[in-house]
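Asks: Below: one structure in structure tokens.
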Amino acid sequence: MTYDPTDESRGEERGLNRHQLEQIQSARGITNAQIADLSEGALRGLLFKLDIPARPRLRAGFFRLQEVDERGLIPAAAMETSLQQLESMRNRLRQRMCVAGVPCGPQVLPAALAVPPPPAPGAGIAPGISTWTALGPGNIGGRTRAIVIHPYLPDRIWVASTGGGVWRSSDGGNSWSPVDDKMANLAICSMVMDPTDPDVIYAGTGEGFTDGRDNRDDLRGAGIFRTRNGTQWSQLLATKQFQYVNRLAISKDGKVLLAATQEGIYRSEDPGRINWMLVLPGLMADVKFDPSDNQKAVAGGWRNGTAYYSTNGGKTWSTASSATPWVGRVELAYAAKDPSTVYASVEMDTGEIWRSTDGGKTYEKRDGLNENGVPANYLGEQGWYDNAIWVGDPKNSDLVIVGGIDLWRSTDGGNTLARISQWQSDESAHADHHAIVAHPKYDSDTNKTVFFGNDGGIYKTEDVKTVGGGPDNAQGWISLVNGYAVTQFYAGAGNPNTGTIVGGTQDNGTLAYTPADGVNGWKEIFGGDGGFVAADPTDDRYFYGEYVWLELHRNDDGATSSDKWWERYIDGRFYNESLQAWDWKPLPFHIPDARRGPLGALFIAPFALDPNDPNRILAGGASLWRTNDAKTQNTDAKGPRWSSIKAPIGSFISAIAIAPGDSETVWVGHVNGEVYKSANATHDAPSWQLIGQAGQKPLPRGRYCTRIVIDPKNHNVVYVTFGGYRRANVWKTTNGGKDWTDIGISLPEAPVRGLAIHPRKSEFLYVGTGVGVFTSEDAGESWAPTNEGPTNCPIFDLFWMNETLVCVTHGRGMFQIDLSGA
């Protein structure tokens, strides 16, 4: 990375030293002049995030902890197996039925996935089976890696999310609905449409983009799926071993399909896609066919910094050459005007553009300079995660769009770059770009519409040549989220008196919903990654959330506004004005584990508000931390006092449960599967007992403990859930932990992350698994899958608003169902 000293004095006027300016330029590609124009909140948030590099990789590592078994493994066909088991359970249901108040049945209709908004307050409950209703967010999207558009009916658009599957619009992005249930749970990374038959679309599952250190932490898939009508999809069985399909390419005659996977480039040329051959081994990020020639194709490596080309339809490949070696992920694009021109966006350090004029055989470096004449750093040190390039103008091969954290435009073939989006602005396109696709009728003159997929969903501009003007590069950007509800939540909580709900999300902050604002009125009350949340049941002004690694924050205005970050932290972090840097309050006013970051707590660490005393919070890192004054005044010197009430055991705390009506009874679970119980948890030094290691059926060891739920009517009845693509992920005790029963034996082999007990009927249970919600009317002896709403998608949390159950998904937003009539 080359440092740009231009306007350095303006950056220093903000109190930043040269080291900080270098860090910001490298990580975000922002010039000193742009740094000087940042708001105080944006600047401090930016400095804060510099302490947490590579959050996408850290998130992936966190998921892996929940998905491995006691041997540290994930079965090769884990997702496929769990989906088959789900289908088998559905087939055993002969008719639509109601189990514990939740609709279940043998079929899932697409209409049941596109559920309507919730009823108006006081509208009443219809008799019979209640239905799931969507809570959204309908105005906040999620990570989108692929876009395909019907060539003759351009209002028909399909987009692929990595948490909520494939969604479809028939009105140009004004509204969206998910396609069939088979695609609801899969991380979709790539799509391609048959150029000879636009009713045929292929979708590649599994997201293989980490930072290149290994491929074990990614979101796994189940091969390639195909639709012949745009809605109903089926798996290509010969591809089920493809865990990560990063890119798909199809020849212009529709005969040859290429897949860039974790093992290399696979090729199929039979109509049924039954036969596949590995034609280029290695980790592959990208593959593209020449749009004008069935025989020519190019491919880019995932981490080896290599480009390849083929002249025989992908049967054999040769290595392209460049003047200097490349490093990292390689993304490629044929120029629409002249496909002999191929551009490469190469990860390197912060991004480099290279160009070939011989169809991808040799490449020359372009300057890639910003307005100050220094490298633009457009990938911002994370080109392994977000890296996109487009050269789709049919009249100008020098018009290039590249995307990393932000989008940049070049009109001279990559020699100079101008930023056209700005991640700090709510009015500009969202950050982290993955897909760029032109309107099918794009002609460079009368139609200049281009679509963009990023971590905030899908955006478009109607003039790619001028978009990005104005003070925040916001001019010309149009969000097309519009009900594209693929937000990835980690947890949720709500106040039943007001109906306000909060939830922590992946990369979209801590969000708040109010009935008055509705499903399209969610707002961010804290930025970055969100995590666990809590709602004060006695005072509707107070909500709690966290940033990563147990950095807790507090809202005291009913989740109506987004306060400055440095005023909200109650874990002890504050912004030191004199140092112009983030700092920590003295003990006991900070959580030492939060200060240690990844050495002190999980990336998404658990905390719990005591349901019996809203001034008490228990927070889990390496130790269990307690404050008894959660609402005390928060200043730069003081705030809630924290003390350790459970010593470390060498494995992070992953689950916390406080008995309703009895604050002395607390259960704690760990990543290694160990579970502990205290009967005097409010004491200064509580005693802890290791639970579930003896007896005929001990709890599983070595598997992530995801959730502990204590029956509010009988504290001797406790449920413990576990991660891993295995059986035996839901356990029950009826005698306070002396003996245990595996009640999850009939559930699909998938992680279980949420469990809820009906407030009136303790025998009615609801569990959230990696493949949807399952219900039981007999305390777990038998289970049935729901066939509406949050079906076949990862469920991360379940919580009650009186007798309304709220389901928190990681990829399809939130849903609710009124079970007062159950």
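The values are calculated or read from the model by the stated rules, or taken from the named source; none is laboratory data. Quantities reported herein were computed from a predicted structural model and do not represent experimental measurements. Cβ sites come from the backbone with ideal geometry, for glycine too, and all protein chains shown count toward neighbours.
Asks: Tell me which residues, restricted to segment 362-387, are surrounded by fewer than 22 Cβ atoms within 10 Å (Cβ to Cβ) and either hydrophobic (A, V, I, L, M, F, W, C) or out of contact with any strand residue (DSSP E or B) (no Cβ under 8 Å at 6 or more places or on another chain) (or both).
Replies: Once the filter is applied, which keeps residues that are surrounded by fewer than 22 Cβ atoms within 10 Å (Cβ to Cβ) and either hydrophobic (A, V, I, L, M, F, W, C) or out of contact with any strand residue (DSSP E or B) (no Cβ under 8 Å at 6 or more places or on another chain) (or both), segment 362-387 yields LEU369, ASN372, GLY373, VAL374, TRP384.
Asks: Within segment 751-765, can you find the residues that are under 26 Å from the mean Cα position of the chain (by Cα) and either at positive phi or assigned to a strand (DSSP E or B) (or both)?
Replies: Residues satisfying the conditions are VAL752, ARG753, GLY754, LEU755, ALA756.
Asks: Test THR446 against the stated conditions and say whether it is of a type in the set (Val, Ile, Thr), out of contact with any Leu (no Cβ under 6 Å at 6 or more places or on another chain) and not in a strand (DSSP E or B).
Replies: Considered against the rule, which asks whether it is of a type in the set (Val, Ile, Thr), out of contact with any Leu (no Cβ under 6 Å at 6 or more places or on another chain) and not in a strand (DSSP E or B), THR446 comes out as yes.
Asks: Inspect segment 717-725 for any residue being out of contact with any Lys or Arg (no Cβ under 6 Å at 6 or more places or on another chain) and part of a strand (DSSP E or B) and give the result as yes or no.
Replies: Yes; the residues of segment 717-725 include at least one that is out of contact with any Lys or Arg (no Cβ under 6 Å at 6 or more places or on another chain) and part of a strand (DSSP E or B).
Asks: Also: From the residues in segment 145-157 that are in contact with a Ser or Thr (Cβ under 8 Å, 6 or more places away or on another chain) and touching a residue at least 24 places away in the same chain (Cβ under 8 Å), which one is surrounded by the most Cβ atoms within 10 Å (Cβ to Cβ)?
Replies: ARG145
Asks: Is it the case that segment 522-533 has a residue that's touching a Pro at 6+ places or on another chain (Cβ under 8 Å) and within 27 Å of SER175 (Cα to Cα)? Give the derivation first.
Replies: Our first condition is that a residue be touching a Pro at 6+ places or on another chain (Cβ under 8 Å); within segment 522-533, this holds for 522, 532.
Filter once more, keeping what is within 27 Å of SER175 (Cα to Cα): 522.
Yes, segment 522-533 has at least one match.
Asks: Among all residue pairs at least 6 apart or on different chains, which show Cβ distances below 9 Å where the first residue, located in segment 684-700, is more than 14 Å from ALA728 (Cα to Cα) and in contact (Cβ under 8 Å) with a residue 12 or more places away in the chain and the second is among the aliphatic types (A, V, I, L, M) and loosely packed, with under 12 Cβ neighbours inside 10 Å?
Replies: So the pair list comes out as TRP688/ALA647.
Asks: Separate question: Among the residues of segment 460-500, what is the count of those that are part of a loop (DSSP other than H, G, I, E, B), modelled with pLDDT of 95 or more and of a type in the set (D, E, K, R)?
Replies: 2
Asks: I'd like to know if segment 654-663 contains one or more residues that are surrounded by 20 or more Cβ atoms within 10 Å (Cβ to Cβ), in a loop (DSSP other than H, G, I, E, B) and either of a type in the set (A, V, I, L, M) or more than 29 Å from the chain's Cα centre (by Cα) (or both).
Replies: For segment 654-663, residues surrounded by 20 or more Cβ atoms within 10 Å (Cβ to Cβ), in a loop (DSSP other than H, G, I, E, B) and either of a type in the set (A, V, I, L, M) or more than 29 Å from the chain's Cα centre (by Cα) (or both): absent.
Asks: Among the residues that make up segment 758-772, is at least one of them surrounded by fewer than 24 Cβ atoms within 10 Å (Cβ to Cβ), under 29 Å from GLN488 (Cβ atoms) and among the basic types (Lys, Arg)?
Replies: Taking segment 758-772 first, the residues surrounded by fewer than 24 Cβ atoms within 10 Å (Cβ to Cβ) are 758-764.
After this cut, where a residue has to be under 29 Å from GLN488 (Cβ atoms) as well, the list is 758-759, 764.
Cutting the leftovers down to among the basic types (Lys, Arg) gives us none.
The answer is no, given that none of the residues of segment 758-772 is surrounded by fewer than 24 Cβ atoms within 10 Å (Cβ to Cβ), under 29 Å from GLN488 (Cβ atoms) and among the basic types (Lys, Arg).
Asks: With the requirement that a residue be more than 17 Å from GLY282 (Cα to Cα) and either surrounded by fewer than 17 Cβ atoms within 10 Å (Cβ to Cβ) or hydrophobic (A, V, I, L, M, F, W, C) (or both), what does segment 312-331 give you?
Replies: Answer for segment 312-331, where residues must be more than 17 Å from GLY282 (Cα to Cα) and either surrounded by fewer than 17 Cβ atoms within 10 Å (Cβ to Cβ) or hydrophobic (A, V, I, L, M, F, W, C) (or both): ASN312, SER321, ALA323, THR324, PRO325.
Asks: Under 6 Å between Cβ atoms, which residue pairs at least 6 apart in sequence (or on different chains) link something in segment 85-113 that is closer than 22 Å to THR231 by Cα with a partner that is modelled with pLDDT under 85 and surrounded by fewer than 14 Cβ atoms within 10 Å (Cβ to Cβ)?
Replies: GLY105/ARG96
Asks: Confirm whether GLY414 is in contact with a Gly (Cβ under 8 Å, 6 or more places away or on another chain), surrounded by 24 or more Cβ atoms within 10 Å (Cβ to Cβ), within 30 Å of ASN139 (Cα to Cα) and small (Gly, Ala, Ser).
Replies: No; evaluated as a whole, the condition is false for this residue.
Asks: What number of residues in segment 623-653 are among the small types (Gly, Ala, Ser) and outside any loop (DSSP other than H, G, I, E, B)?
Replies: 2
Asks: Given the options SER578, SER561, SER623, name the one that is of a type in the set (Ser, Thr, Tyr) and within 27 Å of the chain's Cα centre (by Cα).
Replies: SER561
Asks: Okay, next question. Scan segment 766-799 residue by residue and report those that are within 27 Å of the chain's Cα centre (by Cα) and either farther than 28 Å from SER161 by Cα or part of a loop (DSSP other than H, G, I, E, B) (or both).
Replies: Across segment 766-799, the qualifying residues are GLY770, VAL771, ASN787, GLU788, GLY789, PRO790, ASN792, CYS793, PRO794.
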